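Report on the following structure.
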């Protein structure tokens, strides 16, 4: 059985690349395709020596640094891959990979990280954050996103099987594309976050500091609770805003970026991990659970799949300071063993076995 794996682009070893890594481990004989490959040599280990077949976007001017500027060409580029010699096509899609063209007798299974968020329900937020609410550039971008929505909806009919990474994404697929999707949670490196039973007197949050992560909301909530200590790990364009929310609060410490071993140690020893973003899944919350650490998280999105409310953490209903503070007031700790057992549901071996079953039909 010849298998092709299709990924959007290879830029860094991040969330979707961890999924790709497990796909390659599950199907070591598969060939790999990607729109473009700009991975640094030091981050290529997860490809296990493969060099993907790339599209024409790889060779366009400035593509190594600005390939996203060719978004309008990506639907065309993904359709140019000749996959006719494969029995099975497995795509990993958060933009256009699901749109590859297959024929009768070929099985196409598409793992969906999310429909194009910026083209669907988060369009207004995307335009606002990009400063594109008015003017000719806004008009062009809105037209482009409209065209992408039409293609995105039409190409969603191509895969034989859609697999969502959470119930939240499965619901978005139903709303955007009118299709049902199986749910297979992303793989989590559970063993990389060993169980730690002895907790210290601090709360932790860790993420890239970008607007939708709402780290400033967490900082503001803790700034009014001086008896609770908060450590913030991460960096990004929202650093100044987060620092302003934490200004004058001696119970809040901004650590910036930390090395992975230090993050694991901080996660293991925290009283709880706090998260206020609406995520499609949110692997970092599952990693905290693996370390035996309870999670206090906003209830929308993937958090509802990860945290067992009242057993391994607390889900708060509103993305607001008052709602988070109410959750903190209810928090008294949870059994680290229960948190660890909960995280085992997301292990890498489980993911690979379930993926093989889906591909085999």
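FYI, it's all coordinate maths here, none of it is from the lab. Since this is a predicted model, take the numbers as computed values, not measurements. Counting neighbours? That spans all protein chains shown, and the Cβs are built from the backbone with ideal geometry, glycine included.
With the Cα gyration tensor of the stretch 61-185 giving a ≥ b ≥ c as the square roots of its eigenvalues, does the rule (a/c under 1.5 for rounded; else a/b larger than b/c for prolate; else oblate) give rounded, prolate or oblate? It comes out oblate by the Cα gyration axes.
Using the Cα gyration tensor of the stretch 190-346, with a ≥ b ≥ c the square roots of its eigenvalues, what is the shape: rounded (a/c below 1.5), prolate (a/b larger than b/c) or oblate (neither)? Judged from the Cα gyration tensor, the stretch 190-346 comes out rounded (a/c under 1.5). Note on Rg and Dmax of the Cα atoms in Å: of the candidates (i) 19.8, 61; (ii) 21.3, 81; (iii) 21.0, 65, the value calculated from this structure sits at (iii). Computed from the C-beta positions of residue 182 and residue 249, the FRET efficiency with R₀ = 51 Å rounds to 0.70.
When DSSP beta bridges are restricted to pairs lying wholly in the chain, around 0% turn out antiparallel. Would you mind classifying the stretch 172-264 by shape? Square roots of the alpha carbon gyration tensor eigenvalues, ordered a ≥ b ≥ c; an a/c under 1.5 is rounded, otherwise it is prolate if a/b is larger than b/c and oblate if not. Judged from the Cα gyration tensor, the stretch 172-264 comes out oblate (a/c at least 1.5, b/c at or above a/b).
GNM remark for the chain: springs join alpha carbons under 10 Å apart, and the peak mean-square fluctuation among 280, 201, 31 falls on 201. The stretch 295-352 and the stretch 149-209 have Cα centres separated by 15 Å. Helix-only arithmetic for the chain: the sum of -39500 (n - 2.57) across DSSP H runs with n ≥ 4, divided by the residue total, places the mean residue ellipticity at 222 nm at -10500 deg cm²/dmol.
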